[in-house]
Amino acid sequence: MTGVRRDSDVWKVVDLECERQERQIELIASENHTSAEVIAAMGTALTNKYAEGYPGRRYYGGCEHVDTVEDICRDRAKQVFGSERANVQPHSGTQANTAALMALCEPGDRVLGMSLDHGGHLSHGHPKNFSGVFYKFSSYGVEKESELLDMDRVRELAKEVQPKVLLAGASAYSRVIDFAAFAEIAKEVGAHLMVDMAHIAGLVAAGVHPSPVPYAAVSTMTTHKTLRGPRGGMIVCGADWIKQINSTVFPGAQGGPLMHVIAAKAVALGEALQPNFKEYGRAVIENAKVLSETLIERDIRIVSGGTDNHLMLVDVSSKGLNGAEAENALHAVDITTNKNLIPYDQQPPMKASGVRIGTAAITTRGMGVEEMRRLGGWIADVLDAPDDESVRARVLGEVTEVTRAFPIYSAK
Ligand code: PLP
């Protein structure tokens, strides 16, 4: 079954994408390179199986083996995150958030989450997303001077808004989130605390970022970012919430689970339980720190002055560029980033004043502090002279040399 490649139209493009990933330095903070075993699990006949329901309570026959794989996955999720219960079926982070909000409150209820302009995710109240359509979202942001969350301000807002759900977690916040303080505020105003740990799930699994699990009623995540699993979502919670969560995931938000992806999630969670995953988490953070320090030494402003996790927001207006221009200039030298709003940005989202950079993928390739210093130098060289052909040619040559020295799959 493996190795069948008859459809040349499709495989040609798949090969091009795999070659692109090997050739470019991947700095998109929400991406990673999974292991070959995670990819292999996704390419199996488990995709053929309908398994609506949960292990032991399915709406279809023939589920004996997929029941076992889902049980393995749930057990590993509970072990990795120290939670009483887990639901591993969400097809994506957004669907995990859909199910969590459906469990924690009713349509029309008030939810207080992080402002999308300051790092919150679309599923935290964007007017066109289910969250913004069905719930009354209000938002907290970072302070203008420090560009940090101020928990006193979050408390004031929570008292004002009186939300049913207080939502913590972000797509572009580079500092440690104080889940204990969020829990205290939620308690004070009688709200349920929901944490979306999509970005930092791998760091939490590695024990290098505080865990929200002891504090939140429900914690959601994606499995494909720092956790380094297949594209998908997952929810962990206590025994008190699992009944609602299981029913809001299925039949609430989804039909049949993707059993091939659940097998791949189980493989990734097995990897996260290995001692070397702790080392990986530690290296991701160390690499991010060294990269941000290198950029600062080259007079590039980093939002909030640095990072505690896997990502940083680079304010490229300090170099007279907007985010789209910086993204394009870096793309031309095979460094992949994404333009991103910075707090209190005056630019529209399609231009933005920043680029978001993350170290999860390059750390997976084995790059370390020495490569971070070189990488910071290349980014600064390009942002200093985005139209200089000779800079571009030199940096591209050096990037190619490094990506060849750190292959993603061929050496594993
Ligand atoms: N939550 C956060 C904080 C995210 O950053 C993301 C994705 O970037 C998601 C949820 C949504 O994940 P998905 O793209 O799988 O729907």
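The values are calculated or read from the model by the stated rules, or taken from the named source; none is laboratory data. Worth saying up front: this structure is predicted, and the values here are computed from it rather than measured. Cβ atoms come from the backbone with ideal geometry, glycine included; neighbour counts cover every protein chain shown. Only protein heavy atoms, including side chains, enter the accessible area calculation; ligands, DNA and RNA are left aside. Shrake-Rupley method; radii C 1.70, N 1.55, O 1.52, S 1.80 Å.
The set of residues in the stretch 86-127 being open to solvent by 10 Å² or more (accessible area, probe 1.4 Å) and of a type in the set (Val, Ile, Thr) consists of 94, 98.
Note on the stretch 63-77: residues that are outside any loop (DSSP other than H, G, I, E, B) and either open to solvent by less than 50 Å² (accessible area, probe 1.4 Å) or in contact with a strand residue (DSSP E or B) (Cβ under 6 Å, 6 or more places away or on another chain) (or both) amount to 7.
Just the residues that are within 14 Å of residue 269 (Cβ to Cβ) and either open to solvent by 30 Å² or more (accessible area, probe 1.4 Å) or not in a helix (DSSP H, G or I) (or both), please, taken from the stretch 194-215. Please lay out each step first, then the result.
Residues of the stretch 194-215 that are within 14 Å of residue 269 (Cβ to Cβ), as a first pass: 201-202, 204-206.
Across the stretch 194-215, the qualifying residue is only 206.
Considering the stretch 216-254, the residues that are assigned to a loop (DSSP other than H, G, I, E, B) and open to solvent by 30 Å² or more (accessible area, probe 1.4 Å) include one that is nearest to the ligand (Cβ to nearest atom), namely 231.
Could you tell me whether the stretch 41-62 includes any residue that is open to solvent by 20 Å² or more (accessible area, probe 1.4 Å), farther than 26 Å from residue 221 by Cβ and part of a helix (DSSP H, G or I)? Taking every residue of the stretch 41-62 in turn, at least one turns out to be open to solvent by 20 Å² or more (accessible area, probe 1.4 Å), farther than 26 Å from residue 221 by Cβ and part of a helix (DSSP H, G or I).
Kindly check whether there is at least one residue in the stretch 255-262 that is part of a helix (DSSP H, G or I) and more than 16 Å from the ligand (Cβ to nearest atom). Among the residues of the stretch 255-262, at least one is part of a helix (DSSP H, G or I) and more than 16 Å from the ligand (Cβ to nearest atom), which makes the answer yes. Pairing residues of the stretch 3-30 that are assigned by TED's automatic domain parsing to the domain that holds residue 313 with residues that are of a type outside the set (Lys, Arg) and surrounded by 10 or more Cβ atoms within 10 Å (Cβ to Cβ), at Cβ distances under 6 Å and at least 6 apart in sequence or on separate chains, gives no pairs at all.
Would you mind stating whether residue 130 is open to solvent by 20 Å² or more (accessible area, probe 1.4 Å) and more than 16 Å from the ligand (Cβ to nearest atom)? Give the derivation first.
Details: open to solvent by 20 Å² or more (accessible area, probe 1.4 Å): yes; more than 16 Å from the ligand (Cβ to nearest atom): no.
No, not satisfied.
Can you confirm whether residue 6 is touching an Asp or Glu at 6+ places or on another chain (Cβ under 9 Å), open to solvent by 50 Å² or more (accessible area, probe 1.4 Å) and over 30 Å from residue 246 (Cβ atoms)? No, not satisfied.
Does any residue of the stretch 21-35 turn out to be surrounded by fewer than 12 Cβ atoms within 10 Å (Cβ to Cβ) and farther than 20 Å from residue 224 by Cα? No, the stretch 21-35 contains no residue that is surrounded by fewer than 12 Cβ atoms within 10 Å (Cβ to Cβ) and farther than 20 Å from residue 224 by Cα.
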